[in-house]
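In what follows, a structure is listed as structure tokens, so that the remarks can point back to it.
The values are calculated or read from the model by the stated rules, or taken from the named source; none is laboratory data. Just so we're clear, the structure is a prediction, and the values are computed from it rather than from any experiment. Every residue, glycine as well, gets a Cβ built from its backbone with ideal geometry; the counts of neighbours run over all protein chains shown.
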Amino acid sequence: MSENHIFLLLKLILVGAVIMMVFTISTIRCGLISRTYEDKYIFTDISFPSEIPTGDNILIFTSEDGIPLHTESQTGYLDMVIKEAFRRIGVTVYIFTLPAERALHSVNDGINDGDFTRITGLEYKYPNLVLVPEELVYHEYMAFTKHVTDKVNGWSGLKPYDVGIITGWKILEANVRDTRSLVKVRDEKVLFTLLENERVDIVTYYHLGGNAILKELNFKDIHALEPPVSVNPMYLYLNKKHKSLIPKLVASLRELKKDGTYDRLFGQ
């Protein structure tokens with residue numbers, strides 16, 4: 001083999017290695033499939049256990065609620081409510097974080113088993129989702145700001161402003177329209193950092209979570225404008241292959257509320 005052929009071969013090997021490295025990095029950053037447990041594909045997430053038992057009575061859920069409703073350690077208020085409601089009907093649930101839009105697709109495609117918290121009506125766009133008809137929580141959607149002083153009356157009150165929301169939060173994508181500008185970001189930390197850096201006038205997020213993330217990030221100049229832009233009940237969705245669980249799950253959630261467990265978990 002001539003020197004030219006050897007040089008060309010080495011060059012091709014180097015190019016291939018670079019392409020593989022770029023693909024690997026992109027896969028990790030984008031949260032593509034990183035581990036497989038039987039027929040379940042688990043997306044990259046540092047909060048997820050390294051080993052997950054498998055079986056008919058084990059379900060994999062996703063959430064993009066953020067603190068305090070969902071945490072990486074699965075100890076958020078709703079993490080505990082959902083895990084306890086399913087425990088009472090003999091099912092073990094693992095919950096991990098996934099970007100909101102991707103989470104919906106993963107459940108609709110049957111890769112994962114459920115997702116929370118969501119508004120009603122998503123089954124029309126995602127036909128493999130079924131709503132669990134018992135509200136998990138009511139979200140007060142607020143306009144968080146640094147400098148705006150006027151009241152924001154409903155969704156239309158956002159129109160004069162540069163606004164930020166999280167991609168995949170369907171209630172926001174449906175209602176935050178015709179604003180001066182609209183920026184969509186991946187998660188709540190990016191969202192509130194956008195506002196802190198004055199890239200937008202307002203970000204729209206639920207009240208409880210907004211206060212928690214502001215405390216975590218130590219952003220002291222941001223506040224929520226009263227009254228809420230909207231107050232909405234929020235729900236859990238399952239992939240339709242689990243729809244037989246819904247009657248028992250609804251009864252379990254109602255019993256949690258009746259016997260005081262729901263309030264106790266939210267009070268921790």
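Side notes on the structure shown:
- Looking only at residues in region 104-155 that are outside the structural domain of ALA174 (by TED's automatic domain parsing) and among the small types (Gly, Ala, Ser), the one that is nearest to PRO228 (Cα to Cα) is GLY121.
- Scan of region 220-229 for residues that are under 23 Å from the mean Cα position of the chain (by Cα) and either over 19 Å from LEU195 (Cβ atoms) or crowded, with 17+ Cβ neighbours inside 10 Å (or both), ordered by number: ILE222, ALA224, PRO228, VAL229
- Test: residue in region 242-260 that is farther than 30 Å from ASP56 by Cβ, outside any helix (DSSP H, G or I) and in contact with a helix residue (DSSP H, G or I) (Cβ under 9 Å, 6 or more places away or on another chain): no
- Boolean, LEU208 is part of a helix (DSSP H, G or I), hydrophobic (A, V, I, L, M, F, W, C) and more than 21 Å from ILE119 (Cβ to Cβ): no
- Test for LEU98: is it farther than 17 Å from ILE246 by Cα, in contact with a helix residue (DSSP H, G or I) (Cβ under 8 Å, 6 or more places away or on another chain), in contact (Cβ under 8 Å) with a residue 40 or more places away in the chain and not assigned by TED's automatic domain parsing to the domain that holds ALA224: yes
- Here region 56-111 is the region considered, the condition is being touching a Ser or Thr at 6+ places or on another chain (Cβ under 6 Å) and in a helix (DSSP H, G or I), and the residue that is surrounded by the fewest Cβ atoms within 10 Å (Cβ to Cβ) is GLU101.
- Matching residues, region 181-205, being under 22 Å from PRO227 (Cβ atoms) and outside any strand (DSSP E or B): GLU188, LEU191, PHE192, LEU195, VAL200, ASP201
- Residue ID - surrounded by the fewest Cβ atoms within 10 Å (Cβ to Cβ), chosen from residues in region 230-258 that are over 24 Å from the mean Cα position of the chain (by Cα) and more than 16 Å from VAL81 (Cβ to Cβ): SER244
- Test: residue in region 166-179 that is part of a strand (DSSP E or B) and not assigned by TED's automatic domain parsing to the domain that holds ASP79: yes
- A Cβ distance below 6 Å, combined with a sequence gap of six or more or placement on separate chains, defines the contacts here; from region 126-145, residues that are in contact (Cβ under 8 Å) with a residue 12 or more places away in the chain reach residues that are assigned to a strand (DSSP E or B) and small (Gly, Ala, Ser) in the pairs TYR141/SER230; MET142/ALA224; PHE144/ALA224.
- Residue satisfying condition, being more than 22 Å from GLY121 (Cβ to Cβ) and touching a residue at least 40 places away in the same chain (Cβ under 8 Å), within set LEU225, LEU245, LEU236, LEU217: LEU225
- Taking region 112-165 as the range and being crowded, with 20+ Cβ neighbours inside 10 Å, among the hydrophobic types (A, V, I, L, M, F, W, C) and assigned to a loop (DSSP other than H, G, I, E, B) as the test, only VAL152 passes.
- Subset of region 124-166 (residues that are modelled with pLDDT of 95 or more, closer than 30 Å to PHE86 by Cα and of a type outside the set (A, V, I, L, M)): TYR126, PRO127, ASN128, PRO133, GLU134, GLU135, TYR138, HIS139, GLU140, TYR141
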